[in-house]
Each structure stands twice: as C-alpha cells, then as structure tokens.
1. For segment 205-311, with all protein chains present and a 1.4 Å probe, just round the carbon and sulfur fraction of the accessible area to a whole percent.
2. I'd like the accessible area for I23, computed on protein heavy atoms only with a 1.4 Å probe and all protein chains in place. Round to 10 Å², please.
3. Sequence-distant or interchain residues sharing an amide H contact under 5 Å with S610, placed H: which?
4. Residue separation times 0.36 nm, minus the C-alpha to C-alpha distance between N642 and S113: what's the value?
5. Under the Karplus relation 6.51 cos²θ - 1.76 cosθ + 1.60, θ = phi - 60°, what is the ordered set of whole-Hz ³J(HN,Hα) values for segment 304-309, x standing for Gly and Pro?
6. Enumerate the residues in segment 193-209 having an amide nitrogen under 15 Å from the point lying 7 Å beyond the Cα of Y180 toward its Cβ.
7. Given 0.36 nm per residue, what is the gain on full extension from R860 to E628 after removing their alpha carbon distance, in nm?
8. Provide the FRET efficiency to the nearest 0.05 for the T337-D412 pair, computing r from the beta carbons and using R0 = 30 Å.
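The values are calculated or read from the model by the stated rules, or taken from the named source; none is laboratory data. Nothing here was measured: the structure is a model prediction, and the numbers come from that model. When we count neighbours, we look across all protein chains shown, and the Cβ atoms used for this are built from the backbone with ideal geometry, even at glycine. The area values use the complete protein model at the heavy-atom level, side chains included, leaving out ligands, DNA and RNA. Shrake-Rupley method; radii C 1.70, N 1.55, O 1.52, S 1.80 Å.
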Amino acid sequence: MTAIKHALQRDIFTPNDERLLGIVNVCKAGKKKKNCFLCATVTTERPVQVKVVKVKKSDKGDFYKRQQTWELRDLTEVDAKDASKENPEFDLHFEKVYRWLASSTAEKNSFISCIWKLNQRYLRKKVEFVNVSSQLLEESVPSGESQSVAGGDEDALDDYQELSTREEQDIESMMEMCEYAISNAEAFAEQLSRELQVLDGANIQSIMASEKQVNILMTLLDEALSEVDTIEGKLSSYEEMLQSVKEQMDQISQSNRLIQISNTNNGKLLDEIQFLVNYMDLSKGHIRALQEGDLTSPKGIEACINASEALLQCMNVALRPGHDKLSAVKQQQHLFTELRDTFARRLTNHLNNVFVHQGHDQSSTLSQHTAELTLPKHSPLHRDLLRYAKLMEWLKNTHREKYEGLSRTYVDYMSRLYEREIKDFFEVAKIKMAGTTKEAKGKFATLPRKESALKQETESLHGSSGKLTGSTSSLNKLTVQGSNSRRSQSSSLLDMGNMSASDLDVADRTKFDKIFEQVLSELEPLCLAEQDFISKFFKLQQHPTVTPPLAQPEAEETDGSMPSRMPPQAEHRHSLSSEKDMVRLMMNKIFQSIEMELNSLIALGDKIDSFNSLYMLVKMSHHVWTAENVDPASYLSTTLGNVLVTVKRNFDKCISGQIRQMEEFKISKKSKVGILVFVTGFEEFAELAETIFRNAERRGDLDKAYVKLIRAVFMNVEKVANESQKTPRDVVMMENFHHIFSTLSRLKISCLDAERREAKHKYTDHLQSYVINSLGQPLEKLNHFFEGVEARVAQGVREEEVSYQLAFNKQELRKVIKEYPGKEVKKGLDNLYKKVDKHLCEEESLLQVVWHSMQDEFIRQYKHFEDLIGRCYPGSGITMEFTIQDMLEYFSSIAQSH
C-alpha cells in the first residue's frame with residue numbers, strides 16, 4: 001500500500017500541487033467487485049482545499065487516473081455502520097449516499113481517522129460521524145501533547161515533507177564521499193552521528209569563549225539604564241511646567257467660548273427680531289386700505305388687493321417655537337384678526353350691493369330682447385365683478401363662511417335673473433315656432449291632436465289673441481277615397497306622424513330649423529360664459545379642494561355652535577373632488593330652468609310636425625358633440641346630453657308612429673291600388689332625412705330608423721298585395737317594389753344596399769310572374785293542348801308516339817291551331833293590352849316595360865310550341881298560322897294605337 005501511495009502522489013497529485021494524506025482500497029457495496037482507491041488530499045497552496053478523490057487503475061496500462069472528485073466541505077456524514085464490530089463497509093454522504101466496501105477494516109479505520117482529522121482542522125467539525133468508535137477518534141489525538149488538537153493535527157499531517165532540490169544535491173554529494181553509504185546504511189548513519197557530535201562540541205566551546213564579551217555588553221546595558229533614569233527625571237520636570245501652561249490655556253479657551261456663545265445668542269436674537277419685524281409688520285398704507293379703502297375705483301380695488309395679500313402673508317407666516325408667547329406677537333396677531341374681519345365684512349357688504357345694483361341694471365334691459373330671439377349679454381356684469389376675483393380668493397382663504405354666504409347670494413340672485421330671461425326667451429321662440437304654421441293658412445289642421453290641446457299650448461305662449469285655427473278631425477285613421485285623387489291620398493299619409501307635405505312645405509321646416517338652431521346658439525355661449533366666470537371669480541380652478549357653496553348651505557349649527565369637523569379620511573376624500581363638479585353644482589342651481597324649457601320647446605316642435613324631431617336630433621347632436629369636445633364634464637354638455645335623450649325618444653316615437661300607420665293602412669275594394677301611400681311617404685321621408693342628416697354626427701340613428709321603416713314597408717306592401725281584390729297581387733308587388741328600388745337607387749343609402757337588391761329581386765320576380773300569368777289567356781286552348789302533350793311525355797310516352805294519342809293527334813292539333821289565326825291573335829293581344837293598362841297605374845309608367853316583357857315571353861312560348869310540334873309531330877308539315885314577324889307587328893301596332 002505504501003508503494004501505491006507514493007506512486008499516486010508522484011503521478012496524480014504532485015502535478016496538481018496536492019498532497020496525499022489518506023488512502024483506502026474500496027469497491028462499491030453490493031455490486032461486482034471493481035477495486036478503486038479513495039484518497040484524502042489537500043492542496044499545497046493557500047487557501048487550502050480538502051478533497052476526496054476516487055482513483056481507478058486503467059484497464060489498458062499500468063497507470064492510475066483520477067475518476068471523480070468531491071469537496072470535503074460537501075461531505076455531510078460518515079457512517080461506519082458498526083462501532084463495536086469489525087465491518088469493512090462504510091457510507092459517505094455527499095449530494096447522495098455512496099456505499100463502499102473496504103479491503104480491510106484497518107484501512108477503513110485509518111481512512112475515517114484521516115477524514116476526522118481534516119474535519120477538525122479545516123471544517124471546524126462540520127462533518128457528522130455516525131457509528132464510529134470513540135476510541136478510534138481519541139487515538140487520532142496523541143496523548144501528552146501540550147498543543148491543541150488542531151495544532152497536533154497540523155504536525156501529524158505535515159510529518160511528510162518533500163525534499164527540495166538543494167537538499168537532494170547535498171545528500172547526493174555526502175553519499176558520494178562515503179563509499180558504503182548505500183551498502184552499509186547503519187555504518188553511514190553512525191559516521192553522520194559522530195560528525196554531528198563533533199560539531200555540537202565546537203559550538204559549545206565557541207559559546208564559552210565569548211563570555212568576556214557578554215560581560216562587557218551587560219556593563220554597557222547598566223550604563224544605558226542609568227542614563228534613561230536621568231532623562232526620565234528631566235521629562236517629569238518638563239511635564240509639570242507644561243501642566244501649568246495647559247491650565248492657563250484652558251481658562252483662556254473657556255473665556256473665549258463664553259464670549260462666542262454670547263455673540264451667537266445676540267446674533268440669533270437679532271435675527272428673530274428682524275424676522276418678526278419683516279414678516280409681522282403691516283404698513284400704515286395697507287392698514288388704511290383695509291379699513292377705509294375705496295372698493296369702487298380701480299385704484300382703490302388694486303390697493304385693497306395688495307393690502308389683503310400683505311395681510312394674508314402676515315397671518316400665514318410660520319412662527320418659530322416660542323414666538324406665540326411674546327406679547328408683541330400676540331398684539332400683532334390680534335390686530336391682524338381685527339383687520340381681516342373688518343375688511344371681510346366691508347368686502348361682503350360691497351359685493352352684495354354690487355350684485356343688487358347690477359341686477360337692477362340688467363333687468364332694465366330685458367325689454368329690449370323680448371321682440372328678438374336673443375338673450376341678454378352678461379359680459380359687462382362679469383367684467384365688473386372679475387375685478388374682485390383676487391379679493392374673492394382672499395376671502396375664501398381667510399373667511400370661508402363669508403365666502404360661501406356670498407357665493408350662495410350670487411347663485412340665488414343669478415338663478416332668478418336667468419330664470420326670467422330664459423323664460424322670456426323661450427316664449428319668443430315658441431311664438432315664432434307657432435307662427436311658422438299660423439302663416440301657412442291653418443296648416444295645423446293636419447295635426448293628429450285635438451285643437452284644444454294645441455290651443456292651450458299656444459295660448460300659454462302669447463295669449464288668447466294668438467289662437468290657432470284648424471280642423472278637429474284626426475288623420476290617424478286614413479282611408480283611400482278614390483283612384484281619381486292620388487295626390488290627395490298621398491298627401492294624407494305622407495307625414496306618418498303629424499303633418500302633411502302638401503300642407504306644410506319645406507320652407508316652414510327650414511324656418512323651424514333656423515329657430516331651433518338660434519335657440520341653441522344663444523344658450524351655448526351664455527352657459528359657457530357663465531361657467532367660465534364662475535371658475536375665475538370664485539377661483540374654483542386654482543383650489544379644487546374648496547367645499548362647494550351649495551353642498552353645505554349652512555356654515556353654523558342652528559344653536560350657534562361651530563360645525564363638527566369631518567374625520568380625516570372623509571376630509572381627504574372630499575379634498576379630491578374635481579372643481580368641475582363644484583362649478584356644475586352652481587351651474588345647476590343658476591340654470592335650473594334650461595332643461596325644462598328645452599324639453600317644453602322640443603315637445604311643441606314635435607306637436608307642430610313630428611318630422612321636426614329629425615332637425616332637432618341633428619342640431620342637438622352637433623351641439624352636444626361640440627360641448628363634449630370643449631369639456632365633457634361641463635354643465636352644458638351634461639344638460640344638452642339629457643335633452644338629446646328626449647329628442648332621440650321623440651325621433652324613435654316618430655318612426656314607431658309611421659310603422660304603426662303602415663300597419664293600420666286599409667285599401668279600397670273598388671279602385672286599383674297603384675303606388676301605396678306609405679311607399680311614397682317613405683320616399684319623401686328619406687329625401688328629407690338625407691338632406692337633414694348630411695354630414696351629421698348621429699348618422700347611425702338614421703340608419704337604424706331606415707332599416708326599421710324599410711322592413712315595415714316591405715312587410716306591409718306584401719300584406720296589401722295579398723288583400724287586394726281589384727288589382728292583381730303581382731301588379732301591386734311589381735309597381736311598389738319598382739318604386740322602392742328606384743328610390744333607393746337614386747338616394748344611394750349605403751345601409752339599405754341589401755334592401756335595394758331585395759326590392760329589385762322582388763320587382764323582377766313579380767314582373768315575370770305577372771307576364772306569364774297574363775299570357776296564358778290570349779292562346780288559352782293552345783296552352784292547354786301543349787300542356788297535355790308535355791304531360792304525356794312526362795308520363796313516359798315517347799315524343800314521336802304522342803301523335804298517336806287520340807286526344808293529341810294531328811287532327812286535334814290542326815283544329816286547335818285553326819282557332820288562332822293571326823287576326824284572332826291580334827285581337828286577343830289587344831284585349832290583353834287594355835287589361836294590363838287597366839291594372840297598371842300611371843305614376844310608375846311600367847306599361848311599356850310590361851308590354852315588352854310580354855312580347856319576349858310570347859315569342860319564347862311561340863318558339864317552344866314550334867319545338868314541340870317539330871319533336872312530337874315530325875314530318876306533319878303543321879305550322880302556326882302566324883309567324884314571329886307577324887307577332888312583332890301585332891305588338892308594335894297595338895302599342896302605337898294606344
């Protein structure tokens with residue numbers, strides 16, 4: 001084992017700067033024996049690294065190779081299996097458990113002892129040893145050593161020292177000088193021992209010869225010690241002298257420090273006095289302005305603003321600790337409080353007087369606007385009041401109660417003023433709206449409401465002198481009186497809601513549109529100007545944390561005690577409220593009548609003409625869109641948005657009314673149908689709507705209404721066609737769907753492209769159906785004959801054998817053909833033309849279209865009959881008694897004669 005240890009040290013560990021300290025020959029427990037060596041090594045360089053290396057002998061040669069390496073610090077446990085019995089098995093716990101079987105128990109114990117020593121020295125007892133005999137661990141520490149365990153381990157581990165090159169050369173030269181150094185090692189060792197004794201003796205004699213010199217050295221040392229004592233005495237005297245000087249310097253330093261403290265205190269006192277004088281002294285001019293300043297002139301207002309700002313700075317100065325206990329500071333604070341209260345009272349009284357004074361001046365100008373559809377401008381009032389904006393900000397920061405009271409006063413006054421102005425303004429608007437129909441010669445006669453309702457509405461606007469005349473009859477139930485008055489029939493149903501196109505022309509509606517636009521155009525700048533003024537005058541934009549005046553109308557409790565403070569959390573949440581909400585609260589109070597008046601005006605416009613809802617929807621949508629772009633949360637945007645909901649509801653009601661009247665429509669049993677009233681009504685509605693909604697923001701609402709209306713038109717056209725007795729169903733469908741298709745093609749409504757294609761398809765299908773059904777009558781017997789021939793062929797009779805059928809032989813065919821000579825056919829076609837002319841109406845001008853389609857269908861049937869004769873009666877020589885050219889002449893001459 002020693003030879004193997006030296007070989008491993010030389011071949012494997014020395015090249016890697018490592019020393020081999022322990023080795024054991026092992027194999028894996030429970031498997032086929034493949035011997036290898038576990039080696040415990042340390043590095044020669046510091047820091048020292050301790051490793052466990054698995055070395056295996058190569059199969060191809062007599063040399064060893066390193067197979068696996070573990071750091072000793074990764075070893076957690078060593079298990080010797082049995083501490084009392086000899087057992088060569090042991091386990092090493094690294095990242096997993098490795099089970100080994102040593103070649104002998106002695107080698108295992110020696111290796112475990114080496115691991116224990118390395119653990120004691122380098123790992124500070126980190127590894128846990130299990131089932132290891134305590135005697136084995138104690139033997140690892142030699143008894144009687146005065147060194148510590150760690151020191152003993154280090155000596156034991158360092159017992160092997162490799163010779164240096166110099167040492168090897170010296171040994172070799174010494175061995176060359178002795179001939180028997182190798183052959184007789186004991187004699188060589190004795191010779192070396194004798195030479196060592198001789199050298200030791202020479203060393204001792206040399207030491208004894210130097211005793212005299214040692215004595216001389218000791219004498220010199222004694223003299224040096226006496227000199228040191230002398231120097232120490234002098235140093236002690238010097239130290240006493242320095243001590244007295246130090247005491248004097250300490251006294252001087254103490255005096256200087258006291259002087260410096262006094263100077264510092266004087267400087268700080270001067271700074272405090274200057275601070276109080278600079279920040280808590282109000283000039284006499286500012287005091288005079290606060291007590292007696294003129295609040296009417298621009299200069300006086302400017303002086304009051306400067307004085308109030310100076311006072312606010314003095315009152316808000318951050319006093320240092322202890323200032324509030326000074327009597328002069330208390331006097332100044334008391335003076336500032338009196339000045340603040342006095343000026344706040346003067347300012348409040350003056351602004352109240354300004355509100356009343358400006359109100360009287362503004363009321364005097366109301367009569368100038370009653371005859372015109374305009375609202376009074378408040379810009380002069382705003383301009384005068386904005387001079388006090390900075391004073392209002394000062395009042396808000398110093399006297400919140402007076403600020404809120406003044407705000408409530410302004411809101412109450414302005415709400416009454418605006419209520420009168422808006423009421424008068426809307427009365428003029430209603431009178432002008434009612435005048436649009438009054439000037440049109442009683443066009444309110446077409447309204448589907450009773451006269452009393454409209455009379456009550458108009459009398460409330462401009463008195464009994466403005467009574468409107470009209471019919472009390474209702475047009476909700478409409479009937480067709482006769483075919484000779486198609487235009488009057490269409491007019492009675494044109495406006496499916498309230499008004500007829502023949503009675504109320506486009507000019508009246510345009511005038512209504514202008515009036516409604518004028519109303520909105522007057523209201524919009526009024527609201528925006530007032531909102532802007534409130535924001536600037538009451539300084540709500542700069543201070544969003546201010547409690548809105550309307551939210552807390554009472555500043556004190558009824559018993560005179562101060563109001564209880566909100567909890568900190570609630571006060572913080574309240575401070576985060578937007579200034580826009582505060583402004584909107586004041587605007588709601590000031591303009592509380594606008595929404596009600598707008599709804600009343602919209603209701604009147606809807607009563608006058610339900611189609612007015614289209615104009616109002618477009619105008620209102622545009623103004624809402626504009627207001628939202630400026631400020632989505634403004635009062636104007638919110639109010640117009642609420643009114644827009646009402647307009648949209650009226651628009652939906654108008655569409656629903658049209659659909660309902662389509663469903664209630666009844667036709668005359670004695671006259672032909674022609675173009676239905678609600679079909680022409682939809683056409684004029686679409687034309688009007690396209691004109692109104694051109695470039696409108698709410699085009700989607702109209703598209704949805706289009707879809708509802710066109711589906712209702714389709715459904716009710718089919719219903720009327722099914723109920724028609726005078727006019728064939730195909731004619732009703734063909735004419736009306738042709739009219740619908742023409743209307744949609746002309747207007748190019750993109751959302752109705754599918755319905756346009758469907759109308760064309762229905763028109764084409766019913767045109768073809770009508771043509772086929774009508775053409776069966778001029779050649780009725782011939783049609784029946786060939787239908788029988790086709791039936792026989794369909795039953796399986798061969799075409800060339802049909803002529804042998806008794807009912808369909810050649811004689812029968814000639815007999816049928818003789819009944820339809822050219823003259824007879826022309827007569828039948830002439831009768832057919834008259835009948836078609838009787839079925840069709842003049843408005844659509846479809847007679848020639850239908851007649852041309854009949855000509856094409858007749859030619860197709862003629863060719864079909866000739867083809868059947870050629871296939872079923874071959875070689876018979878039977879032909880029709882008229883040709884295709886004859887038919888073309890018949891159709892042309894009949895069309896020209898009529």
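1. C and S fraction of accessible area: 58 percent.
2. About 20 Å², rounded to the nearest 10.
3. Here the answer is N498, M499, since their amide H atoms fall under 5 Å of that of S610.
4. Numbers: separation 529, 0.36 × 529 = 190.44 nm, distance 9.58 nm.
Result: 180.9 nm gained on full extension.
5. Per residue, the Karplus-derived 3J(HN,Hα) values read 5, 5, 4, 5, 5, 5 Hz.
6. 193-194
7. On the way: separation 232, 0.36 × 232 = 83.52 nm, distance 6.58 nm.
Here the segment from R860 to E628 would lengthen by 76.9 nm.
8. Details: r = 30 Å, r/R0 = 0.98.
For T337 and D412, the calculated efficiency is 0.50.
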